[in-house]
Ligand code: IDP
Ligand code: MG
């Protein structure tokens, strides 16, 4: 099933110059970039994105982290995109993330784990609507689609 997911390179990923490396992994895998922008997340948007964690002890540092500098927001489309992107990201704690995953290759600790990705189709819909309007989301064909997918 072709679906969309929301992905964000967090402030540490931008500051460390990892944006190209991360986007490149998704492009090479065959994901289509349907939307992309750089922004500094306002506090309220950060709170809404992470509202499921509002009672956790790490909520305050998480908000400080996520609003500490610009991020790159993306909407990626592909086969089973939510789960596949999560598997490419690796476990939340980079020390548990497998080598070959983004966190497993590029990060050290949970509080600086370089990337966010939606954890379900419902979260994806919610997060895409939170971060993008309809004029920022695009439909187009990749010329390699005929070879990425079966007929
Ligand atoms: P996820 O990003 O893999 O979906 P979540 O459990 O949803 O992980 O947590 C959201 C984000 O909150 C994590 O990516 C990480 O940046 C931060 N976080 C989660 N747990 C901790 C913690 O125990 N200490 C510090 N930061 C945490
Ligand atoms: Mg999560």
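The values are calculated or read from the model by the stated rules, or taken from the named source; none is laboratory data. Here the structure is a predicted model, which means the values were calculated and not measured. Every residue, glycine among them, receives a Cβ derived from its backbone with ideal geometry; neighbour counts consider all protein chains shown.
Numbers for the structure displayed
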read-out: Residue selected from segment 60-69 under the condition more than 14 Å from the chain's Cα centre (by Cα) and near ligand 1 (Cβ under 8 Å from one of its atoms), by the criterion farthest from residue 13 (Cα to Cα); value: 61
read-out: Selection status of residue 98, closer than 19 Å to residue 13 by Cβ, in contact with a helix residue (DSSP H, G or I) (Cβ under 9 Å, 6 or more places away or on another chain) and loosely packed, with under 12 Cβ neighbours inside 10 Å; value: yes
read-out: Number of the condition not met by residue 121 [criteria: (1) without any contact (Cβ under 8 Å) to a residue 60 or more places away in the chain; (2) farther than 20 Å from residue 37 by Cα]; value: (1)
read-out: Residue in segment 76-83 that is assigned to a loop (DSSP other than H, G, I, E, B), more than 14 Å from ligand 2 (Cβ to nearest atom), at pLDDT 95 or above and under 19 Å from residue 13 (Cβ atoms) present; value: no
read-out: Those residues of segment 95-104 which are more than 10 Å from ligand 1 (Cβ to nearest atom) and either part of a loop (DSSP other than H, G, I, E, B) or touching a residue at least 60 places away in the same chain (Cβ under 8 Å) (or both), in sequence order; value: 95, 96, 98, 99, 100, 101, 102
read-out: Candidate set: segment 105-137, residues that are touching a helix residue (DSSP H, G or I) at 6+ places or on another chain (Cβ under 7 Å) and part of a loop (DSSP other than H, G, I, E, B); chosen: the one surrounded by the fewest Cβ atoms within 10 Å (Cβ to Cβ); value: 120
read-out: Filter pass, residue 91 being in a loop (DSSP other than H, G, I, E, B), surrounded by 14 or more Cβ atoms within 10 Å (Cβ to Cβ), within 14 Å of ligand 2 (Cβ to nearest atom) and modelled with pLDDT of 95 or more; value: yes
read-out: Members of segment 24-43 that are within 21 Å of residue 129 (Cα to Cα), in contact with a helix residue (DSSP H, G or I) (Cβ under 6 Å, 6 or more places away or on another chain) and outside any strand (DSSP E or B); value: 41
read-out: Number of positions in segment 44-74 that are over 17 Å from residue 115 (Cβ atoms), touching a helix residue (DSSP H, G or I) at 6+ places or on another chain (Cβ under 9 Å), within 13 Å of ligand 2 (Cβ to nearest atom) and part of a helix (DSSP H, G or I); value: 2
read-out: Residues of segment 17-58 that turn out to be within 16 Å of ligand 1 (Cβ to nearest atom), buried (at least 16 other Cβ atoms within 10 Å of the Cβ) and free of Cβ contacts under 8 Å to residues at least 60 places away in the same chain, as a count; value: 4
